[in-house]
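Scroll down for the structure; my scribbles are underneath it.
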Amino acid sequence: MNDPLAPSGGPPGPDRPVPPAPWPTRGAAGDGGQVAQPERRTAGLADFTLREAHVLDRRGRFGAPVDVAVRAGVIQAIGPGLALDRSAVDVDARGLWLMPGVVDCHAHVTQSTYDPLELMTTPLSGRYLASAGALRAAVHAGVTGLRDAGGADAGLRDALFAGVVPGPRLTVCVVPLSRTGRHGDGALLGPGLESAQEVLGPEYPGRPAHTVTAAGDLPTAVRGVLRAGADWVLIHASGGVLSAPPVRGGSAPDLPFTRAQLTEAVAEAARYRRPVMMHALGDRAVETAAAAGARSIEHGIGLGERAGAAMAARGVTLVPTLSAYLDLAALAGTGVLPGWAVERAEATAAALAETIAVARAAGVSIALGSDARHHSRHGGNLAEITHLRRAGLTPPEALLAATANGARLCGVGDRLGRIETGYVLDAILLDEDPADLELFTRPDAVRGVFVGGRAVLAHPRLPAELVPPGSPVWSAAPAAGARTPAAGQTSHRTSP
Ligand SMILES: [Zn+2]
């Protein structure tokens, strides 16, 4: 094969979709958390100009209609009345809203149920094929970049890049690192189980260890996930909602790792030029994780002013994953959780707005994370934009959290996450003004998706020459098979 990046097995087609783009690189590989993958191919990429679209600007606001000229997948010019270019296709985008594609900084594409029994009885192959569906649903919903927060391994990322399945740009942490018996240890014990069963991240050949028994073994575990091809290292630096009180003033057990141990793990990852994301809830855990060098805090619910200040001082991003806690609170109302869990779930939901307020007041950068890990939630990732707005961000802040802030966290903020000259066109088209952002709870909110300037979900306005073979065209037909999480299907071991 001449082109090492070309997908094998012939051109894209219905059963061989358009190959997804890697994270585009600029400058030194591996710098600042960016993923060292090669530039995508530009051959065969049609040039076009979107005419008179409302475009999201760097302040997070939609302005008066402008033209956007896209050449070889990169935005070449933006402005009113751009000159006609006969070598490019003109697209009538009047009455459409164009914004950067969403970067979902925390999702689990390999998980599609909360039910431990279903997890235990679904063959691994079934789980991985379901992951392909989750990736496709995410990109068609407008997620053009996705940071998997545990479960997806390097093979899934590389298969995506090879064009085996459609999906967003993907980075992986392979498995989250946990302390034995603490949050993220997916073992289940009980009558009928021959031994501790790993439901969250089942063992398979090549999967690195994810539970650390002696805290001093954390750097070894870090090297294990890096050896397995992780782009990020994820460490569970506190309990979750159902394993430790999430709010300030709670009597949380000792943190699973000390600040010194976490600092050592960050240093180990840094030797391989890989950043660390840390799951942390509660003021003490968030402050410890931020001080230890986490690049992002996952969840962060219950953070206080000290933690907020520590995050802001170090430029640590908060990925609050509100959707997951709202789901948990809804589950608490169904009577399937024990009383203590209901209390914590409700206390956490009540703390979401305050968490956002404290982070916002401290000047902490907030990025979107859906924590999608149920088949009914994959493809609903953008509802998190609505939840961020409802929890206290202004509409421009919520839109920037969903786009530019996530791109910056992922180390690609100078080429993705904005609609600006010189940026790669990862973008979505809406048919209406998102205004108060309630639109994003609707599954049909996004009508067109571009990744690297290529239509992966073709808006009906796009002329045929801009619709690659295998790329679906948006239609009003409702998506089939959507189900909601069933009552009784949760596990405290797998909860956020
Ligand atoms: Zn998660």
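Below are the figures for this structure:
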read-out: Failed criterion for A324 (all others in (1) crowded, with 24+ Cβ neighbours inside 10 Å; (2) within 21 Å of G417 (Cα to Cα) hold); value: (2)
read-out: Qualifying residue in the stretch 409-427 (condition: within 20 Å of the chain's Cα centre (by Cα), assigned to a strand (DSSP E or B) and surrounded by 23 or more Cβ atoms within 10 Å (Cβ to Cβ)); value: yes
read-out: Candidate set: the stretch 89-124, residues that are modelled with pLDDT of 95 or more and among the acidic types (D, E); chosen: the one nearest to the ligand (Cβ to nearest atom); value: D104
read-out: Scope the stretch 428-453; condition more than 19 Å from the chain's Cα centre (by Cα), outside any loop (DSSP other than H, G, I, E, B) and over 15 Å from R136 (Cα atoms); matching residues; value: L429, L430, E438, L439
read-out: Residue in the stretch 86-94 that is among the basic types (K, R) and under 25 Å from the mean Cα position of the chain (by Cα) present; value: no
read-out: Residue under evaluation R360, criteria (1) away from the ligand (no atom under 16 Å from the Cβ); (2) over 16 Å from the mean Cα position of the chain (by Cα); (3) in contact (Cβ under 8 Å) with a residue 40 or more places away in the chain, criterion not met; value: (3)
read-out: Filter result (closer than 19 Å to L226 by Cα and within 16 Å of the ligand (Cβ to nearest atom)) within the stretch 274-294; value: V276, M277, M278, H279, A294
read-out: Inter-residue pairs, beta-carbon under 6 Å, first closer than 29 Å to F450 by Cα and of a type outside the set (V, I, T) and in the stretch 99-125, second in a strand (DSSP E or B) and within 16 Å of the ligand (Cβ to nearest atom), 6+ apart; value: D104/V143; D104/L146; C105/R147; C105/V319; H106/E298; H106/V319; A107/L146
read-out: Within the stretch 166-209, tally of residues that are closer than 30 Å to L382 by Cβ and either modelled with pLDDT under 85 or surrounded by fewer than 21 Cβ atoms within 10 Å (Cβ to Cβ) (or both); value: 7
read-out: Extreme residue, farthest from the ligand (Cβ to nearest atom), among residues of the stretch 367-398 that are aliphatic (A, V, I, L, M) and in contact with a Leu (Cβ under 6 Å, 6 or more places away or on another chain); value: A398
read-out: So V266, is it β-branched (V, I, T), modelled with pLDDT of 95 or more and within 16 Å of the ligand (Cβ to nearest atom); value: no
read-out: Close pairs from the stretch 318-336: first within 18 Å of M278 (Cα to Cα), partner at pLDDT below 90 and in a loop (DSSP other than H, G, I, E, B), Cβ under 6 Å, at least 6 apart; value: A324/P496
read-out: Exclusive hit being over 17 Å from E438 (Cβ atoms) and of a type in the set (S, T, N, Q), set T386, T403; value: T403
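The values are calculated or read from the model by the stated rules, or taken from the named source; none is laboratory data. Remember, it's a predicted structure, so these values are computed and weren't measured experimentally. Every residue, glycine among them, receives a Cβ derived from its backbone with ideal geometry; neighbour counts consider all protein chains shown.
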